[in-house]
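The values are calculated or read from the model by the stated rules, or taken from the named source; none is laboratory data. Values in this document were obtained by computation on a predicted structure and should not be read as measured data. Virtual Cβ from ideal backbone geometry, glycine too; neighbours counted across all protein chains shown. In case anyone asks, the SASA skips ligands and DNA or RNA and just uses the protein heavy atoms, side chains included. Shrake-Rupley method; radii C 1.70, N 1.55, O 1.52, S 1.80 Å.
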Amino acid sequence: MITPDLIQAFKDNVSEFYDISYESLHLLKEITEVKELKAGTILENVGDIPNSVYVIIDGYCRSYFVNEKGKEFTKAIYKPLDIFTSFNAIIKQIPADCYYATLTKCTVIVTNYNEYINLREQHPDILKFHFSYLENLIWNQHLLAQSVAISKMGKYQPILVLIIIYAMSAK
């Protein structure tokens, strides 16, 4: 259930990108569904074109790759109040390049992307939030890519960068 306290916590979390109105948050609430998921639940598969955006209420999720030998490599870990999906795939409507799954038992808010886009087109503050969030996401990916590319610290440096970015996002 999406409670007023959860709406406030989400508003506080996203206000770093754009101070979205309570009216718009309530409109977003109308197009969402809360799901209780077991650990190991696959949310998106490689090759699928995603149609949902997720917000974690409780628990942890990850995105990951699997190499040809079946070994898994975690791309990112998502914590409560993080917003995630395969953004590149959902925006371009192309197949996802990695898996998205729950690491622990999770409660997630699931939003249909097409319904979200319709709201975004009708409400300027949702549109401003959307672009501010994507701008921040692109910037963080750019910083990560640059630090990995210019690294002279060896193979563990990218992990340090991920830890730093994760710590910064947890403020």
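Can you give me the distance in nm between label points at Asp125 and Lys75, each placed 7 Å from the Cα along the Cα-to-Cβ direction?
Reported label-point gap for Asp125 and Lys75 is 3.2 nm.
Residues with amide H under 5 Å of Ile57's amide H, sequence separation 5 or more or different chain, H placed in the peptide plane at 1.01 Å from N; which?
Leu81, Thr107, Val108, Ile109
Can you run phi through the Karplus equation (6.51, -1.76, 1.60; θ = phi - 60°) for segment 23-32 and list ³J(HN,Hα) in whole Hz, with x for Gly and Pro?
4, 5, 4, 5, 5, 5, 4, 5, 10, 10
Leu81 accessible area, nearest 10 Å², 1.4 Å probe?
40
Among the trypsin sites (Lys or Arg not before Pro) in segment 66-113, which ones are in a DSSP loop with at most 12 other Cβ atoms within 10 Å of the Cβ? Mind listing them?
The qualifying sites are Lys69, Lys71.
Quick one: accessible surface of Glu23, probe radius 1.4 Å, all protein chains present, in square angstrom to the nearest 10.
Its accessible surface works out to 130 Å², give or take rounding.
So who's got an amide H within less than 5 Å of the one on Thr104, skipping anything under 5 residues away but keeping other chains? H placed 1.01 Å off N, in plane.
Gly40, Tyr60
Under a 5 Å amide H to amide H cut-off, with H placed in plane at 1.01 Å, what residues pair with Glu44 once short-range neighbours are removed?
Here the answer is Tyr100, since their amide H atoms fall under 5 Å of that of Glu44.
Work out from phi, with θ = phi - 60° and the Karplus expression 6.51 cos²θ - 1.76 cosθ + 1.60, the ³J(HN,Hα) of each residue of segment 99-114, listed in order in whole Hz, and give x for Gly and Pro.
8, 10, 8, 7, 8, 10, 4, 9, 10, 10, 9, 10, 10, 5, 5, 5
Determine ³J(HN,Hα), in whole Hz, for all residues of segment 40-47 in sequence, where each value follows from phi through the Karplus function 6.51 cos²θ - 1.76 cosθ + 1.60 and θ = phi - 60°; x replaces Gly and Pro.
Using θ = phi - 60°, the values come out as x, 6, 7, 8, 9, 9, 4, x Hz.
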